[in-house]
Amino acid sequence: MARSVWKGPFVDSYVLKKAEKSRESGRNEVIKIWSRRSTILPQFVGLTFGVYNGKKHIPVNVTEDMIGQKFGEYSPTRTYYGHAADKKAKRK
Amino acid sequence: MSDLICVGAISGAFGVRGEVRLKSFTSDPTAIADYAPLFTEDGKRRFDVTITRPVANGLAAHLTGIATKEEADAMKGTRLFAERAQMPDLPDDEFYHADLIGLLVLDTGGVELGRVRAVHDHGAGDILDIMGPKGETLVPFTRHAVPTVDLTAGRVIVDLTEDDA
């Protein structure tokens, strides 16, 4: 069942505080968080979070199309290396 | 940067007419044929690839030099490699994972941090997985965090702020 709209999106309060602090400082640093359950809000766009996966903090660069998802979706808990083959990486 | 890059593997024979079941590791599975000729790991055998159709767990394909089911069965497990030169050039700020893996990683002060072990993309931008004496470090592949990528010199320079480590 979907979450009731009147409650608004769930975000752990410390995530909001850390994001606000980082935005005010203007430094482009990785914000370490453990809250995989928090929803990605519009004010997080442009920030980089280090989302804990149980072992390490995975860098998550928040973009507009990620709004409404949970942080945990971008920080997998299982490792798979696969083959490099012709896969490409773009520096943003 | 190695000259041969693994792009697929033969997972067995398909049918009785000498076709093989090909497992492709490329972004677009059928693009494996574009990188032909393919080679075995030791570079001794060379194959041209004709993909016939998609099948369960891969692609059915004809490889030159493989004409019977027995020959195809004998090739089971063989990994197929393409020459790096067969891959098209990329625009600025775009790199093949195969080129990045293994590069030496230095910080902005010139201190060696390790080597690139893998490049991940979990849906929130590419990440360099750096393995060094202090363990594993994950760095977002952005201009801010990775200001220099020098493929010729075989090194990348990363700008680690305190919280990245």
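Every number here is computed from the coordinates shown, using simple stated rules; none is lab data. None of the values given here were measured: they were computed from a predicted structure. Glycine gets a Cβ as well: all are built from the backbone with ideal geometry, and neighbour counts include every protein chain shown.
Once amide H atoms are placed 1.01 Å from N in the peptide plane, what residues at a sequence separation of 5 or more from residue B:21, or on another chain, have their amide H within under 5 Å of its amide H?
For residue B:21, whose amide H was placed from the backbone, the distant partners under 5 Å are B:11, B:12, B:13, B:14.
Between A:15, A:62, A:45, find the one with the highest GNM mean-square fluctuation for chain A; connect C-alpha pairs within less than 10 Å.
Result for chain A, Cα springs under 10 Å: A:45 fluctuates most.
In vacuo Debye scattering of the stretch A:27-77, one point per C-alpha: log10 I(q)/I(0) at q = 0.13 Å⁻¹?
-0.24
How big is the Rg/Rh ratio for the protein assembly as shown, C-alpha atoms only, Rh by Kirkwood, two decimals? Provide the component values of the computation, followed by the final result.
Working: Rg = 22.1 Å, Rh = 20.6 Å.
Here the Rg-to-Rh quotient is 1.07.
So, in nm, how far is label residue A:1 from label residue B:57 when the simple model puts each one 7 Å beyond its Cα toward the Cβ?
4.3
Just rank B:14, A:10, A:49, fewest to most, by other beta-carbon atoms within 10 angstrom.
A:10, B:14, A:49
Could you state the number of Å between the C-alpha centres of the stretch B:9-48 and the stretch A:11-70?
43
Sort B:134, B:76, A:18 so the one with the fewest other Cβ atoms within 10 Å of its own Cβ comes first.
Placing the least packed residue first, the sequence is B:134, B:76, A:18.
Using the Kirkwood formula over every pair of different C-alpha atoms, what hydrodynamic radius in Å results for the stretch B:4-86?
Mean inverse Cα-Cα distance, inverted, gives 12.2 Å.
Suppose each label sits 7 Å from its Cα in the direction of the beta carbon; what would the residue A:21-residue B:70 distance come out to in nanometres?
Reported label-point gap for residue A:21 and residue B:70 is 7.3 nm.
Taking only Cα atoms and a 10 Å spring cutoff, compute GNM fluctuations for chain B and point out the largest among B:146, B:119, B:16.
Evaluated over chain B, the most mobile residue of the options is B:16.
Let me understand chain B better: what is its radius of gyration from the alpha carbons, and its Dmax, in angstrom?
Reported Rg and Dmax, both Å: 19.3, 61.
Using a cut-off of 12 Å between alpha-carbon atoms, which aspartates and glutamates can reach residue A:32, once sequence neighbours fewer than 8 places away in the same chain are excluded?
Those aspartates and glutamates meeting the cut-off are B:162, B:163, B:164.
Compute from the Cα atoms of chain A the Rg and the Dmax, the latter being the longest Cα-Cα distance, and quote both in angstrom.
Values for chain A (Cα only, Rg and Dmax): 14.6, 48 Å.
Can you show me the helix-derived [θ] at 222 nm for the protein assembly as shown, built from DSSP H runs with n ≥ 4 at -39,500 (n - 2.57) apiece and divided by the number of residues, rounded to the nearest 500.
Computed mean residue ellipticity for the protein assembly as shown: -2500 deg cm²/dmol.
Under 10 Å, Cα contacts only: if you run a Gaussian network model on chain A, which one of A:37, A:23, A:78 comes out with the highest mean-square fluctuation?
Result for chain A, Cα springs under 10 Å: A:78 fluctuates most.
Which ³J(HN,Hα) values in Hz, rounded to whole numbers, follow from the phi angles of the stretch B:147-152 under the Karplus curve 6.51 cos²θ - 1.76 cosθ + 1.60, where θ = phi - 60° and Gly and Pro get x?
After applying 6.51 cos²θ - 1.76 cosθ + 1.60, I find x, 10, 10, 10, 5, 5 Hz.
Using r as the Cβ-Cβ distance of residue A:32 and residue B:94, and R0 as 25 Å, what FRET efficiency do you calculate, to the nearest 0.05?
E between residue A:32 and residue B:94, to the nearest 0.05, is 0.30.
Label-point separation (nm) for residue B:50 and residue B:86, each offset 7 Å from Cα along Cα-to-Cβ?
So the label points at residue B:50 and residue B:86 sit 1.7 nm apart.
Work out how far the C-alpha atoms of the stretch B:100-154 reach from end to end along every principal axis, then list the three figures in whole Å, largest first.
Principal extents (largest minus smallest coordinate, Cα): 30, 22, 18 Å.
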